[in-house]
């Protein structure tokens, strides 16, 4: 009996020591090592790919933001603030009221098929709006100039980037709304156009948040 109790005590003691050691290794040491390596080598990515302006975090380079006017009474959707560059349409699966800068709560596409009549009409309406909004005196946007990313959302609904073509057709409107020379705004777009990753992956792109921060800085210097 004493031998059995002693053996049981030893087994319980061994199990307890194993639990404590594994808890320390996997619950404390390993997370600290992984966190330390991530912060040391990939600090920006580990912290959410933050974008800072004037010492403050203003967003993430991985998540698109809306640049809209205040919602008007009687309207369900706010209109775009045309003094800023606009991103892709955001058609996620939900909305959030806690952080109005990021309107979408759930990531996802529209789930409408390519021949869905509602999607077709949505694209037509978006295209007409892009042409209307970006046509200013001396510059008219043609239907053939409107790229796909100007009228359709990405698979996530949260794409932070637009194509250089979509950025270019917004240049004259942004310049006119802000009283800036077209050449200056055009240079901003060129300076913030990124090429394909490693030269062959993906497509050239423009991060809208970074571009609008540069535009804001330019306006502040004026």
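Values in this text are rule-based calculations from the coordinates and carry no lab data. All values derive from a computational prediction rather than experimental measurement. Cβ: placed from backbone, ideal geometry, glycine included. Neighbour counts: every protein chain shown.
When you restrict to C-alpha pairs under 8 Å that are six or more residues apart and normalise by the size of region 50-221, the relative contact order lands at 23 percent. Packing, taken as the mean count of other beta carbons within 10 Å per residue, orders the peptides 129-136, 175-182, 211-218, 75-82 from highest to lowest as 211-218, 129-136, 175-182, 75-82. Compute the long axis of helix 208-221 from its Cα atoms, compare it with the longest principal axis of the Cα atoms of the chain, and write down the angle in degrees, 0 to 90, nearest 10. Roughly 60 degrees, rounded to the nearest 10. Extension gain, residue 62 to residue 4: 0.36 nm times the residue separation minus the Cα-Cα distance gives 14.8 nm. Once the Kirkwood radius over Cα pairs is known for the chain, the Stokes-Einstein relation at 20 °C and 1.002 mPa s delivers a diffusion coefficient of 102 µm²/s.
Panel note: the C-alpha atoms of region 1-47, placed on their principal axes, show extents of 62, 11, 6 Å (largest first). As I understand it, the value is the acute angle between the Cα axis of helix 117-134 and the longest principal axis of the Cα atoms of the chain; what does it come to in degrees, rounded to 10? The answer is roughly 60 degrees. Here the Gaussian network model covers the chain, with springs between Cα atoms less than 10 Å apart; of 22, 158, 119, 22 fluctuates the most.
The angle separating the long axis of helix 182-191 from the principal Cα axis of greatest extent in the chain is about 30 degrees. In the elastic network of the chain, a GNM with C-alpha springs shorter than 10 Å, the most mobile of 87, 15, 199 is 15.
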